[in-house]
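Undergrad: Mind looking over this structure? Questions follow.
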Amino acid sequence: MKIAIILFNLGGPDSLEAVQPFLRNLFSDPAIIGLPSLLRKPLARFIASRRAPTARAIYAQIGGSSPILGQSESQARALEDALGPEHDCRAFVCMRYWHPMTEAAAQSVKRFAPDRILLLPLYPQMSTTTTESSVRSWHEAATRAKLKAPTQTVCCYPVEQGFIQASADLLRDSIAAIGDRPLRVLFSAHGLPEKIIKSGDPYAWQIERSAAAIAERLAIPNLDWAVCYQSRVGPLKWIGPSTIDEIARAGRDGKAIALYPLAFVSEHSETLVELDIEYRHLAKKSGVPLYERAPAVGTHPAFIGGLANLVRRVLAAPGVAVQNDGSVERCAAGHTRCLRVEVRS
C-alpha cells in the first residue's frame, strides 16, 4: 500500500523579489482577512505593497530568502527514514503561501498514485489560521486534481511525547549555557488577534498545554517560566502578554532569559531575525543579564520519531481521532473550532 504524507507549512519567499507576492498570497487567505473576495484581494495587494519594503529588509538579513523550504524538505526525508520499510510512504512538502504550493503538491501526489493520504501539519498547535486553512486548501486542490484516495488529517499534537522531549532537550542546553544566574524561561509563540481566539480557536489553549508539558519534562525545581506571544502587526488587539513585554519584565527582575520558539518547528524570519537579532538587542537594552534562544526542533530525532508514531497510529486505526497526545480527547469546552482526524473516501 502506497501512503502519501502531506506536510503542511506556511512557506516563505525564496528571493527578495518573491517577498511581495508571498505577502499578497498570505493576506488573500480568508482565514487571515475575513472579508468577501471582492474586498479582500485588493486589500491584500495594498497591504503587501505597503509591507514589502520592511519585509525585504528582514529577509536581507538572512541571505535574501526564507530557510523554511529546505528545512521542511529535510524533515520530510527524515520522516521517511524513520518510518522505514514497514510502509511504502512518501512525504510531500505543501506550503500555503509560497512554492511548492497546494496545487503543485496535489499534482505531485496524484503522480505518486497513493492508496491512502495522510495530512500532517508542521504546526504542533492547531489554529484556524494555519492548520484549518491548509486542510481546506488541500481538499479543494485534491478535488480539482481528482485525487480519490481515502484521506485522514492529524489536526495537532501539542503534547505529543516526541515533540515535548525534543523541545525539552533543546531548551535544556540553553538553560545550561546560562549557568547559575537567576533565570526565566520564555515560551514564545506567534501571536494572533484576540478576536480569532474568542471565535473558538484552540491555539492559545494548546500553546499553554505545550509549555506546561515542556516545563514539566525539564524537571527543574521551582522553574520560573511564562508563555508570551510575538510578531504582532496591525491595529487589532492581540493575545498576550507580548514577548516584548516579557523581555522588559525579565530585565526589571534581573533575570536571564532562556527563550524557546514554541510554535515553530523550523527556523523562520520570526526566529532568525525577530528573536535572534531584534529581541536580543531589546534584551540587552532592557538590562537582561544573558539571553539564550533555543533552536526549533527541526530534525531532532525525538521530534521526527514522534511524527512517525503519529503516522503509525493513524494507519493502524483509521477513523480514530488523533489529537494532542494521540488520545481521542477533544479540546477543552469553548474551543469550537477544534479539528479532529477525519476520513474522506
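Undergrad: Among the DSSP beta bridges whose two residues both lie in the chain, what percent are antiparallel, rounded to the nearest 5?
TA: 10 percent
Undergrad: While we're looking at this one, here's another question. Can you work out the PRE-style zone for Ala226? Point 7 Å along Cα to Cβ, and I want the residues of the stretch 278-318 with backbone N under 13 Å.
TA: Counting only backbone N, you get 288.
Undergrad: Let me have the 222 nm mean residue ellipticity of the chain computed from DSSP H runs of 4+ only, each contributing -39500 (n - 2.57), with the sum over all residues rounded to the nearest 500.
TA: That calculation yields -13500 deg cm²/dmol at 222 nm.
Undergrad: Amide H to amide H under 5 Å from Phe92: which residues, 5+ apart in sequence or cross-chain, H placed 1.01 Å off N in plane?
TA: Residues meeting the amide H criterion: Ile5, Ile6, Leu7.
Undergrad: Based on the alpha-carbon set only, what is the convex hull volume of the chain divided per residue, in Å³?
TA: Per-residue hull volume (Cα only) is 135 Å³.
Undergrad: Could you order Arg45, Arg217, Arg293 so the one with the most accessible surface comes first? Probe is 1.4 Å.
TA: Of Arg45, Arg217, Arg293, the descending order of accessible area is Arg45, Arg217, Arg293.
Undergrad: Over the chain, give the accessible area per residue in Å² for a 1.4 Å probe, as an integer.
TA: Solvent-accessible surface per residue comes out at 42 Å².
Undergrad: Does anything in the stretch 203-242 have its amide N under 19 Å from the 7 Å Cα→Cβ label point of Thr336, and if so which residues?
TA: Flagged as within label range: 203-206.
Undergrad: Moving to a separate point now. Once phi is turned into θ = phi - 60°, what whole-Hz ³J(HN,Hα) does the Karplus curve with 6.51, -1.76 and 1.60 give for every residue of the stretch 141-148, x standing for Gly and Pro?
TA: Once θ is set to phi - 60°, the couplings for the stretch 141-148 become 5, 5, 5, 5, 7, 6, 7, 9 Hz.
Undergrad: Starting from the amide H of Tyr229, placed 1.01 Å from N in the peptide plane, find each other amide H under 5 Å away whose residue is 5 or more places distant or on another chain.
TA: Under 5 Å from the amide H of Tyr229: Ala189, Ser242, Thr243.
Undergrad: Now for a different question. If one takes the longest principal axis of the Cα atoms in the chain, at what angle in degrees, from 0 to 90 and to the nearest 10, does the Cα axis of helix 203-218 lie?
TA: 60 degrees
Undergrad: Can you check what the net charge comes to around Ile196, using other residues whose Cβ is under 15 Å from the Cβ of Ile196 (Lys, Arg +1; Asp, Glu -1)?
TA: Neighbour charge sum, excluding Ile196 itself: +1.
Undergrad: Along each principal axis of its Cα atoms, how long is the stretch 84-164 end to end? Whole angstroms, biggest number first, please.
TA: 35, 33, 22
Undergrad: Per-residue accessible area for His335 at 1.4 Å probe radius, Å² rounded to 10?
TA: Taking all protein chains as shown, His335 has close to 40 Å².
Undergrad: Could you order Glu80, Glu267 so the one with the most accessible surface comes first? Probe is 1.4 Å.
TA: Result of the area sort, largest leading: Glu80, Glu267.
Undergrad: Place a +1 charge on the Cβ of each Lys and Arg in the stretch 249-290 and a -1 charge on the Cβ of each Asp and Glu, then give the dipole magnitude about the Cα centre in debye, rounded to the nearest 20.
TA: Its charge dipole is roughly 360 debye.
Undergrad: Is there a quick way to get the dipole size of the chain? I mean about its Cα centre, with the Cβ of Lys and Arg at +1 and of Asp and Glu at -1; what is the value in debye to the nearest 20?
TA: That gives the chain a dipole magnitude of about 1100 debye.
Undergrad: Also: Counting only the heavy atoms of the protein chains, how much of Glu103 is accessible to a 1.4 Å probe, in Å² to the nearest 10?
TA: Counting only protein heavy atoms, the figure is 80 Å².
Undergrad: A follow-up question, please. So what's the angle, to the nearest 10 degrees on a 0 to 90 scale, between helix 68-83 and the longest Cα principal axis of the chain?
TA: That works out to roughly 60 degrees.
Undergrad: At a Förster radius of 56 Å, what calculated FRET efficiency corresponds to the Cβ-Cβ distance of Asp88 and Asp245, to the nearest 0.05?
TA: So the FRET efficiency works out to roughly 0.65.
Undergrad: I would also like to ask the following. Take the Cα radius of gyration of the stretch 3-51 and divide it by 2.2 N^0.38 Å, with N its residue count; two decimals is plenty.
TA: Here the Cα radius of gyration is 1.33 times the empirical estimate.
Undergrad: If you line up the long axis of helix 243-253 against the longest principal axis of the chain, both from Cα atoms, how many degrees apart are they, to the nearest 10?
TA: Approximately 30 degrees, to the nearest ten.
Undergrad: For His139, what accessible surface area do you get with a 1.4 Å probe? Give it in Å², rounded to 10.
TA: 20 Å²
Undergrad: OK, next. Arg50 to Lys2: extension gain in nm, 0.36 nm per residue of separation minus the Cα-Cα distance?
TA: Length difference between fully extended and current span is 12.7 nm.
Undergrad: Net charge near Phe187, counting Lys/Arg +1 and Asp/Glu -1 over other residues with Cβ under 10 Å of its Cβ?
TA: Neighbour charge sum, excluding Phe187 itself: -2.
The values are calculated or read from the model by the stated rules, or taken from the named source; none is laboratory data. All of these numbers come straight from a predicted model, not from anything done at the bench. Cβ coordinates were reconstructed from backbone atoms using ideal geometry, including for glycine residues, and neighbour counts include every protein chain displayed. Heavy atoms of the whole protein, side chains included, go into the accessibility calculation; ligands, DNA and RNA do not. Shrake-Rupley method; radii C 1.70, N 1.55, O 1.52, S 1.80 Å.
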